[in-house]
Amino acid sequence: MDETKLIARAAAGDSAAFALLVRQHQSGLRGFLRRLTRNDPSLADDIAQETFLECWRKLSHYRGEGSFTGWLNRIAWSRFLMDARKRKPELLEDLPEQSFETAPDAKLDLESAMAKLSAGERAALTLCYALGHSNEEAAAILAMPLGTVKSHVLRGRDKLRVLLEPGT
Amino acid sequence: MTRDVDALLSQPLPPVADNGFSGAVALRALHEAERTKLLDQLILLLTGAVVLAALPLAHLGTAIETVTVSLGNSLPVGVAFAALVLTTAFVRGVVDRVE
């Protein structure tokens with residue numbers, strides 16, 4: 001079924017339509033949250049559940065401006081920030097500079113390297129590359145100025161380049 | 001290397017198997033909706049009870065009785081009622097004749 005119709009039905013209280021929406025979007029949202037939580041599947045799934053429930057409560061306010069995925073990701077990002085501030089503030093912090101001087105024997109994979117970036121960098125890079133959002137869309141999702149998103153992307157890429165450098 | 005990093009980053013996120021996640025979320029949403037509905041009904045019921053308790057029902061009964069009796073005994077109201085009945089009968093008769 002067409003997603004717009006599915007959203008309209010779910011907004012009218014049709015729980016079966018909502019279940020379908022969740023099934024369609026769970027993988028992307030949980031993947032995004034796993035990145036944000038530095039690969040903590042249990043915490044990511046908790047936040048994903050809360051995100052979908054908030055989506056269920058607010059679905060009647062969704063006006064179709066921007067993609068549904070973007071709207072979901074915006075809720076997820078704000079939920080992640082709230083949760084991290086309460087339970088795991090270290091998720092939001094930048095890692096110390098020496099973390100980027102990797103051990104000589106270690107060639108990190110992308111996920112492990114991503115885990116070393118700040119939350120803003122992880123979110124901006126994931127939204128702009130893996131999820132295919134534009135910088136402007138990412139700025140709207142993350143409620144950040146466009147310049148901040150661009151600098152997160154540039155800084156994050158630079159750090160990843162160092163971390164993924166062969167032989168480092 | 002920049003191109004390699006860009007290519008790596010552009011790869012779609014690894015798929016996450018559902019493993020009952022969607023079902024659990026939908027069930028929680030359903031329970032939440034039922035709880036909200038129940039709460040709404042409870043609030044409505046309580047408000048109704050408070051309003052009923054606050055209403056001077058004994059006085060209302062007496063007032064209604066007084067008004068009804070005085071309306072029944074009133075000549076102008078009787079004439080108005082008769083006019084209403086006659087007008088309705090007349091309109092119905094005209095409509096029947098046209099048809």
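The values are calculated or read from the model by the stated rules, or taken from the named source; none is laboratory data. Not measured: the values here are computed from a predicted model. Cβ sites come from the backbone with ideal geometry, for glycine too, and all protein chains shown count toward neighbours.
Might you check whether a residue that is more than 10 Å from chain A (Cβ to nearest Cβ), of a type in the set (Ser, Thr, Tyr) and more than 30 Å from residue A:123 (Cβ to Cβ) occurs anywhere in the range B:76-91?
yes
Find all pairs meeting these conditions: Cβ atoms under 9 angstrom apart; at least six residues apart or on different chains; first residue within the range A:138-161 and under 22 Å from residue A:72 (Cβ atoms); second residue surrounded by fewer than 21 Cβ atoms within 10 Å (Cβ to Cβ) and acidic (Asp, Glu).
Cβ pairs passing all conditions: A:146/A:136; A:149/A:136.
Would you point out the residue of the range A:1-48, among those that are under 23 Å from the mean Cα position of the chain (by Cα) and part of a loop (DSSP other than H, G, I, E, B), that is surrounded by the most Cβ atoms within 10 Å (Cβ to Cβ)?
Filtering the range A:1-48 for residues that are under 23 Å from the mean Cα position of the chain (by Cα) and part of a loop (DSSP other than H, G, I, E, B), the one surrounded by the most Cβ atoms within 10 Å (Cβ to Cβ) comes out as A:37.
Yes or no: residue A:61 within 23 Å of residue B:31 (Cβ to Cβ) and either more than 12 Å from chain B (Cβ to nearest Cβ) or of a type in the set (S, T, N, Q) (or both)?
yes
Does the range A:36-48 contain at least one residue that is under 20 Å from residue A:124 (Cβ atoms) and within 7 Å of another protein chain (Cβ to nearest Cβ)?
There is no residue in the range A:36-48 that is under 20 Å from residue A:124 (Cβ atoms) and within 7 Å of another protein chain (Cβ to nearest Cβ).
Among the listed residues B:33, B:7, identify the single one that is within 14 Å of chain A (Cβ to nearest Cβ), under 30 Å from residue A:24 (Cα atoms) and surrounded by 11 or more Cβ atoms within 10 Å (Cβ to Cβ).
Working: B:7 fails: surrounded by 11 or more Cβ atoms within 10 Å (Cβ to Cβ).
That would be B:33, the only listed residue that is within 14 Å of chain A (Cβ to nearest Cβ), under 30 Å from residue A:24 (Cα atoms) and surrounded by 11 or more Cβ atoms within 10 Å (Cβ to Cβ).
Of everything in the range A:44-60 that's out of contact with any Asp or Glu (no Cβ under 9 Å at 6 or more places or on another chain) and farther than 12 Å from residue A:33 by Cα, which residue is modelled with the lowest pLDDT?
In this case the residue turns out to be A:60.
Is it true that residue B:33 is modelled with pLDDT under 90, of a type outside the set (Lys, Arg) and closer than 30 Å to residue A:131 by Cβ?
Yes; evaluated as a whole, the condition is true for this residue.
Name, by its number, the condition in (1) exposed (fewer than 10 other Cβ atoms within 10 Å of the Cβ); (2) modelled with pLDDT of 90 or more that does not hold for residue B:52.
(2)
Tally time: how many residues in the range A:49-80 are within 14 Å of the chain's Cα centre (by Cα) and in a loop (DSSP other than H, G, I, E, B)?
Looking only at that region, the number is 0.
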